[in-house]
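The values are calculated or read from the model by the stated rules, or taken from the named source; none is laboratory data. As the structure is a prediction and not an experimental result, all values here were calculated from the model. Counting neighbours? That spans all protein chains shown, and the Cβs are built from the backbone with ideal geometry, glycine included. Accessible surface is based on the protein model in full, side chains and every heavy atom, while ligands, DNA and RNA are left aside. Shrake-Rupley method; radii C 1.70, N 1.55, O 1.52, S 1.80 Å.
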Amino acid sequence: MKILTIATRAFSDQRPGTSGLRKKVTVFQQAHYLENFVQSLFDILPEHAGQTLVVGGDGRYHNRSAVQTILRMAAANGFGKVLVGCGGLLSTPAVSAVIRRRAAYGGIILSASHNPGGPDGDFGIKYNIGNGGPAPEKITEAIYARTRTISEYHSLADAADIDLDTLGRQHIGEMEVDVIDPVADYAELMQELFDFDAMRAWFAAGKRMRFDAMSAVGGPYAKTILEGLLGAPVGTVVNGEPLEDFGGHHPDPNPAHATELIAAMSGAQAPDFGAASDGDADRNMIVGRDFVVTPSDSLAVLAANATRVPGYRAGLAGIARSMPTSCAADAVAKALGIPCYETPTGWKFFGTLLDAGRATLCGEESYGTGSNHVREKDGLWAVLFWLNLLAVSGESVEALVRAHWARFGRHYYSRHDWEGVPSERADALMTGLRAQLPSLAGREFGHGLRVAQADDFAYTDPVDGAVSTSQGVRLRFTDGSRIVFRLSGTGTEGATLRVYLERYEPDPTGHDQPTQEALAALIEIADRVAGIRQHTGMEVAGVIT
Ligand code: G16
């Protein structure tokens, strides 16, 4: 079969963000747009001839056609084999698991994560390296540089489509294409980590769970593991069929978007345990009966209880959290006498710590939790970890969290998102904040709040020394409260300002305040310092989680 070299022109907007290249579907549908990015990636990957690549996506609109394009280009660029999930499907954590278990060279994931899908929705592509984790910045920057100068790409453009719905081996030119069961490797890995007997007994005793897959790729994984291997009643997994437009929803597991789950978990008749995962199944939300667990607390609870679960029986080497994630995990690390690393936002920053054996569990406020079992955050893994804890403790979700607060104190936490802000206004707000930094330290704001430290977070990776600057403005107060401001790196329309608010209550007994009320003073200070309403022209944050 003939390798065609096709002339193209460079696009200027292909810089990968926090999690790969994310744009509107219509942008990806432009002639050569996807091809340019994929060729730029292949051009900068050393010694990839004959190697094995993993390819799959979250099933959103454009997934199948993009998979076919990538297969033809991988063949023309000399890859030896591609492992592709049946139906073109693979969740993000499953790609990571497959890369690691089969020692593949790397993987391409087609997803825009929790962003809406469909013809008018978002699409995305990200590259994962041989450790199974997101490409580090030096690779994403090299891809971007290449996209600026690219003038041609290679493809077996005349090859017939691969049948993505039949398991087994096919060929494109010289290259083997193995269509694999997207769930199998992942399900095996989960059985190595968790106590499946205990969880089976929990369901057999009549306990009930509701897992909302949000019409995204998590459905097949949850059905196989929960309803199949663990014997949960059929119907435990809802919205379990991956749909190209996620049923018109925002597949983002948080109280603002998973409203159906929150409603179903309310009242005495609600199931014992509720959970959801996002578009590509790497995020998770944990819900008890009338009780929502913040992602920051979830990480801390899992860390404090890790040795009750088979895969973590030997204890944790360390914990890592992204900077805006609350300090609840730090309190656990301190009690356990292990380090807690504070990294910039983005899962890629955990990779070096996990590879070096310095951290075992990682988590982010953005509903991402994971461990050294893969190099991605992992939605269903977090849910199974909680389920395992519920099964061995016999406690409810709420009881586990309240016991945790009683022991470690409570970190009230909320994120306010100001979405669709014109980029120049958002930039002006951040510039204004940065300019004020020198005068903020030591400032009194009333309510007993005095700034202890004000800076723009910079990070030096303790393993490879890589430096990342301008990762978000943070104000730390003398009582441990924090306000963090940063602009999202994953949006596709205008800018999103994220304001993260946190207050520590060492003795939460008798102080059960609604979160927004507990944070009211900090919310007011955030606006006063940053001029949020003035810059954005908006009165309230659009999404509060
Ligand atoms: C991605 C990264 C996460 C990160 C999040 C932040 O999530 O993988 O590690 O926390 O972006 O998003 P933002 O920059 O918008 O705050 P995902 O689930 O979109 O891949």
* Asked: Remind me, relative contact order of the chain in percent, using alpha carbon pairs under 8 angstrom and six or more residues apart?
  -> 13 percent
* **the range 4-182 - percent relative contact order, Cα under 8 Å, separation 6 or more** => 34 percent
* **Charge dipole of the range 410-544 about the Cα centre (unit charges at C-beta), most positive-ward option of G465, L501, L475** => L475
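For the chain, give me the percentage of DSSP beta bridges that are antiparallel, rounded to the nearest 5 percent. If you can, show how the numbers build up before the last one.
Working: 61 of 89 bridges.
Percent antiparallel among DSSP bridges in the chain is about 70.
Which value, in debye to the nearest 20, gives the size of the charge dipole of the chain about its Cα centre, when Lys and Arg are +1 and Asp and Glu are -1 at the Cβ? Numbers along the way, then the final one.
Details: 49 positive and 64 negative charges, 179 e Å.
In total the dipole reaches around 860 debye.
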* Can you tell me the dipole magnitude for the range 437-545 around its Cα centre, using point charges on the Cβ only (Lys, Arg +1; Asp, Glu -1), in Debye to the nearest 20? => 300 debye
* In the full protein assembly as shown, how much of W202 is accessible to a 1.4 Å probe, in Å² to the nearest 10? -> 20 Å²
* Asked: By how many degrees, between 0 and 90 and to the nearest 10, does the Cα long axis of helix 423-440 differ from the longest principal axis of the chain?
  -> 40 degrees
* To do: Quick one: pull the percentage of alpha-carbon pairs in the chain with a separation above 31 Å.
  => 45 percent
* Structure fact -> Taking Cα atoms, the helix 520-530 axis meets the longest principal axis of the chain at an angle in degrees (rounded to 10) of 60 degrees
* If one computes the Cα centroid of the range 483-545 and of the range 275-347, what distance in Å separates the two points? -> 21 Å
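How do the peptides 411-417, 120-126, 45-51 rank, highest first, by the average count of neighbouring beta carbon atoms within 10 Å per residue? Kindly include the intermediate steps, with their values, before the conclusion.
Values: 411-417: 22.0, 120-126: 23.9, 45-51: 13.0.
Answer by packing, highest mean first, reads 120-126, 411-417, 45-51.
Within 10 Å, count the other beta carbons around each residue, average over each peptide in 167-180, 283-296, and list them highest first.
Numbers: 167-180: 16.1, 283-296: 23.9.
Packing proxy ranking, top to bottom: 283-296, 167-180.
Residues of the chain: accessible area per residue at 1.4 Å, in Å²?
Per residue, the chain has 36 Å² of solvent-accessible surface.
At 1.4 Å probe size, with the rest of the protein present, what percent of the exposed accessible area of the range 186-408 is carbon and sulfur atoms?
Details: 3340 of 6840 Å².
Looking at the range 186-408 in its full context, I get 49 percent from C and S.
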* Note the angle between two axes, namely the Cα long axis of helix 184-193 and the longest principal axis of the Cα atoms of the chain, as a number of degrees from 0 to 90, rounded to the nearest 10. => 30 degrees
* To do: Measure up K138/K377; K223/K334; K223/K377 against 29 Å on the Cα-Cα distance and list the ones that go over.
  => K223/K334
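For the chain, what does -39500 (n - 2.57) per DSSP helix run (n ≥ 4), summed and divided by total residues, give at 222 nm, in deg cm²/dmol to the nearest 500?
Values: 18 runs with 172 residues, N = 545.
Mean residue ellipticity, 222 nm, calculated: -9000 deg cm²/dmol.
Using a 10 Å cut-off on Cβ atoms, rank the peptides 144-150, 190-196 from the highest mean neighbour count down.
By packing density, highest mean first, the sequence is 190-196, 144-150.
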